[in-house]
Amino acid sequence: MKTGSAESERLKSILKALIRIRSDSGSDMSEIIRAAQAFLAKDDIGIRVYWEDSKTPCLVARYSRRRSVGFECGTLGLHCHLDTFSVEDSGWRVDPLAAEEIKGRVFGRGALDCKGLAAVWIELLLEFSEALEIFPFDVLLIMSSDEETGGESVKKLLTDTAELKDCFLVIGEGGGFPIRSGKLTFFTVQTGEMAKYEYAEVLESTASYLNLFEIIHGMIGKIITTDTLLFTMRNKLGMRDPLRSLAINPLFGEVTVDRFRHRSPLAKSKRLNNARHKLLLETEMSSPKGSSLGLNAIKNALRSAHKKYRILPLVTLGFSDNRHFRNFNIPVLGFFPLDSKNAISGFHGANEYLSLESMSSAEIILKSAVMNIKEAIGG
């Protein structure tokens, strides 16, 4: 399934324009924030730039063409960051800032992390504006510029402004990694993240490990779905594609329900008893209600895109801006769906790219997810 040619070309041009602006850690992010602001210049999209005089400003774009449904719905947040990992990597075979298009792929630093998602969010707000789309809630796009160095701008946005005071859900980066199991394709959705401080030893993947107790508790907590159980059982039976099998990153994780902490059925780690080596974990959880709404919307969007697409919610390794929303009790799901052929080997490494197929399908699936949320609320 592809977008119309006009939308596809605009989406591609937005991505290329963002990649060509250097925005790695330590750079002045003002130029890329101004570029995003220029793309979003529409009468019904209100834009505010916070901390404009700093090197790491934060852009907030609010689309508020809405109608009442008899109760206050609040705000749906869409998040991405415009800063990137370093461009200084000797392994690049192309200019990391040239946005070169080769065989249906756009190469460049930030294509995956996460200017591709930024381009999709900008495109969706433009489409909503052009279609005069009406929602029962505001759609709020948050574009931060310091995720790679800790995400202080998102923390300040949460503490010093009222932009997110009524936000019921945020969809951000993380997840969207497709894994085939037989004829089915499961897309990961980040429901929480685990900060890695110090690891005692290399984590060992145990993809065939199955613990029904953990899965059932995850389902009760609405952070694991029946599709997770289906995937795990199929994986145990060997029904998986060896080219896209489970790996330590990004699929290591654990589930927390109430005061109990359970190892993910997808992987586990070993601990050393040596006092000098400690495994420290920090897990943030979303509230079940908002997460459930979002998970159902993503699940339906995936099935609409392809009848053999499934959802795989889990807690992942990582340290993204998502944790700041969760620490303020705002549900957040990490989801940027990639094409199954789109490698992630360039993530924070050389030759990072995003395929045109990934861009097209992500735009369709994420737009469908937003519209599903609208319908679920009564829009």
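The values are calculated or read from the model by the stated rules, or taken from the named source; none is laboratory data. As the structure is a prediction and not an experimental result, all values here were calculated from the model. As a convention, Cβ positions derive from the backbone with ideal geometry for all residues, glycine included, and neighbour counts pool all protein chains shown. Accessible surface is based on the protein model in full, side chains and every heavy atom, while ligands, DNA and RNA are left aside. Shrake-Rupley method; radii C 1.70, N 1.55, O 1.52, S 1.80 Å.
Being farther than 25 Å from residue 10 by Cβ and surrounded by fewer than 19 Cβ atoms within 10 Å (Cβ to Cβ) is a condition met by no residue of the stretch 353-368.
Determine whether residue 375 is in a helix (DSSP H, G or I), in contact with an Asp or Glu (Cβ under 6 Å, 6 or more places away or on another chain) and not aliphatic (A, V, I, L, M). Taking the combined requirement at face value, the residue does not satisfy it. Within the stretch 144-192, the set of residues being in contact (Cβ under 8 Å) with a residue 24 or more places away in the chain and among the aliphatic types (A, V, I, L, M) comprises 154, 157, 158, 164, 169, 170, 171, 179, 184, 189. Among the residues in the stretch 272-295, are any open to solvent by 40 Å² or more (accessible area, probe 1.4 Å) and modelled with pLDDT of 85 or more? Looking through the stretch 272-295, at least one residue is open to solvent by 40 Å² or more (accessible area, probe 1.4 Å) and modelled with pLDDT of 85 or more.
For every residue, the table says whether it meets (1) touching a Gly at 6+ places or on another chain (Cβ under 8 Å); (2) in contact (Cβ under 8 Å) with a residue 24 or more places away in the chain; (3) assigned to a loop (DSSP other than H, G, I, E, B).
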site: 10; (1), (2), (3): no, yes, no
site: 15; (1), (2), (3): yes, yes, no
site: 87; (1), (2), (3): no, yes, yes
site: 118; (1), (2), (3): no, yes, no
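Applying a threshold of 9 Å to beta carbon distances and a minimum spacing of six or more residues, or different chains, the list of pairs starting in the stretch 329-350 at a residue that is touching a residue at least 60 places away in the same chain (Cβ under 8 Å) and open to solvent by 10 Å² or more (accessible area, probe 1.4 Å) and ending at one that is part of a loop (DSSP other than H, G, I, E, B) and of a type in the set (Val, Ile, Thr) reads 338/344.
Residues in the stretch 317-342 that are of a type in the set (Val, Ile, Thr), under 24 Å from residue 178 (Cβ atoms) and outside any strand (DSSP E or B): how many?
Initially, the stretch 317-342 is screened for residues of a type in the set (Val, Ile, Thr), giving 330, 332.
Those still in the list that are under 24 Å from residue 178 (Cβ atoms) too: 332.
Next cut, outside any strand (DSSP E or B) only: none.
The qualifying residues number 0.
Flag: residue 39 does not match the condition of being at pLDDT 95 or above, in contact with a strand residue (DSSP E or B) (Cβ under 7 Å, 6 or more places away or on another chain) and surrounded by 19 or more Cβ atoms within 10 Å (Cβ to Cβ). Looking across 132, 141, one residue alone is modelled with pLDDT of 95 or more and open to solvent by 10 Å² or more (accessible area, probe 1.4 Å). It is 132. Within the stretch 85-104, not a single residue is buried (at least 21 other Cβ atoms within 10 Å of the Cβ) and charged (D, E, K, R).
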